[in-house]
Amino acid sequence: MSPMCMYSCENGIANDFHFVHYGSRAQGGTGLIMVEATGVEPRGRITNHCMGIWNDEQAEALTKIVGFVHSHSESKIGIQLAHAGRKGSTWNNLQIPLEEGWETVAPSAIPYHPSERIPHVLTVEEIREQVQNFKEAAKRAVKAGFDIIEIHGAHGYLVHQFLSPLSNIRTDEYGGSFENRIRFLLEIVEAVNEVLDENTALFVRISGTEYADNGWDINDSVELAKVLKEHSVDLVDVSSGGNIHGAKISVFNGYQVPFSSQVRNEAGVKTGAVGLITTTDQAEEILQKGDADLIFVARAILRNPYMAVQGSFEMKKDCFFPHQYTRAKISS
Ligand SMILES: Cc1cc2nc3c(=O)[nH]c(=O)nc-3n(C[C@H](O)[C@H](O)[C@H](O)COP(=O)(O)O)c2cc1C
């Protein structure tokens, strides 16, 4: 299950909705459930109703979900740690007034859309505070029992804003060259690695390309993946887009799989593929062809929480199914 914001929290705290939402995907035999983009500080949320993990109350609510998944299924559960940067303070993709939202932050004074407020440019000291926010969030996530921590470096959010030369025009050590633009992400990776135990894997989601001239592209992604591998990142989850308003994207079944394949084969890292993968047959084919090591499914698993178990019945493969439901198991 790919991370998906549900915009259903108050004060960033998971509630009964999230318990049932994630719990039912565990009942459905999902191999890995990735909890939605979760803000590492209040300004890191996209909306006022996004999930957060900047305090213990928020972590406590997540502990209950992790506990259910571990005790009632064979699923692994991860959490995507995120900071929205200049794409925060919105509702329905539109920026909300300052009084109802907040001043956004970014590497440079460039809004996502020209109609939006100019974001506050993070100072070097403030960048270090953000790295610390990711570290503290990871510490809470490990304590809550998550099996995987994913850093959200895709879709035009803060980490991606640093990576791209179109949203990052800094002239200090965090901007300019490729090495400088990836520095923020590497510092987060290093800080998070310090608090992970040996049972917790580290993933990074990236946008393989941002579909813009002179922007972040697939060759940058391959180079970044090589560096991430050296920094003990276990898997690169390859999505695309999100940083450039109005970018032209050609969308078709499995349209992002080639990005995963290129990163996997050229950087020699494990990758996840995502994007219009809607059937278990399609997912299996991607794995068999060596285009990815893991398949993330978003909208199809919203439509059908039992996608994994149903697919395994159809393929006559064994899959976790709640023992209480045994009488509904189709025999092979
Ligand atoms: C409702 C919704 C919320 C999403 N929220 C997130 C998110 O929190 N983090 C993220 O990386 N991607 C997010 N995405 C993108 C999905 O994880 C996925 O990459 C995308 O939908 C393509 O996969 P699909 O074709 O299987 O839906 C979201 C997508 C949907 C539909």
Gyration tensor (alpha-carbon) shape descriptor, the stretch 226-273, a/c threshold 1.5: prolate
Global geometry of the stretch 225-332, whether rounded, prolate or oblate, following the gyration tensor of its Cα atoms and the 1.5 cut on a/c: prolate
Theoretical ellipticity at 222 nm over the chain - DSSP helices of four or more residues, -39500 (n - 2.57) apiece, nearest 500: -11000 deg cm²/dmol
Student exercise, the stretch 76-121 dipole from Lys, Arg, Asp, Glu Cβ charges, in Debye to nearest 20: 280 debye
For the stretch 16-328: relative contact order, % (alpha-carbon pairs under 8 angstrom, 6 or more apart): 16 percent
Protein-only accessible surface order, largest first, of Ser240, Ser71 at 1.4 Å: Ser71, Ser240
Compactness index (Cα Rg / 2.2 N^0.38 Å), the stretch 99-220: 1.10
Cα-based Kirkwood hydrodynamic radius, the stretch 16-328, one decimal, Å: 19.9 Å
Surface accessible to a 1.4 Å probe, per residue, for the residues of the chain, Å²: 44 Å²
Computed magnitude of the charge dipole of the stretch 249-332 (debye, nearest 20; Cβ of K, R +1, Cβ of D, E -1): 320 debye
Accessible carbon and sulfur surface of the stretch 211-332 relative to its total accessible area, %, 1.4 Å: 49 percent
Overall Cα dimensions of the stretch 145-281, principal axis frame, Å, largest first: 46, 40, 26
For the chain: lysine pairs under 17 Å (alpha-carbon distance), excluding those fewer than 8 apart on one chain: 10
Point-charge dipole on Cβ atoms (K/R +1, D/E -1) for the stretch 23-111, about Cα centre, debye to 20: 320 debye
Options Ala298, Trp102, Ser8, ranked by Cα towards positive dipole end of the chain, top entry (Cβ charges): Ala298
Accessible-area composition of the stretch 51-142, carbon plus sulfur, in percent [1.4 Å probe]: 51 percent
Among Ile149, Ile77, Pro42 - extreme Cα towards positive end, dipole of the chain, charges at beta-carbon: Ile77
Cβ-based charge dipole, the chain, positive-most Cα from Asn265, Tyr174, Phe134: Asn265
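The values are calculated or read from the model by the stated rules, or taken from the named source; none is laboratory data. In this text, all values refer to a predicted model and were calculated from it rather than measured experimentally. Don't worry about glycine lacking a Cβ; one is built from the backbone with ideal geometry, like all the others, and counts go over all protein chains shown. The protein model used for the area step is the full one, side chains on, heavy atoms only, and it has no ligands, DNA or RNA in it. Shrake-Rupley method; radii C 1.70, N 1.55, O 1.52, S 1.80 Å.
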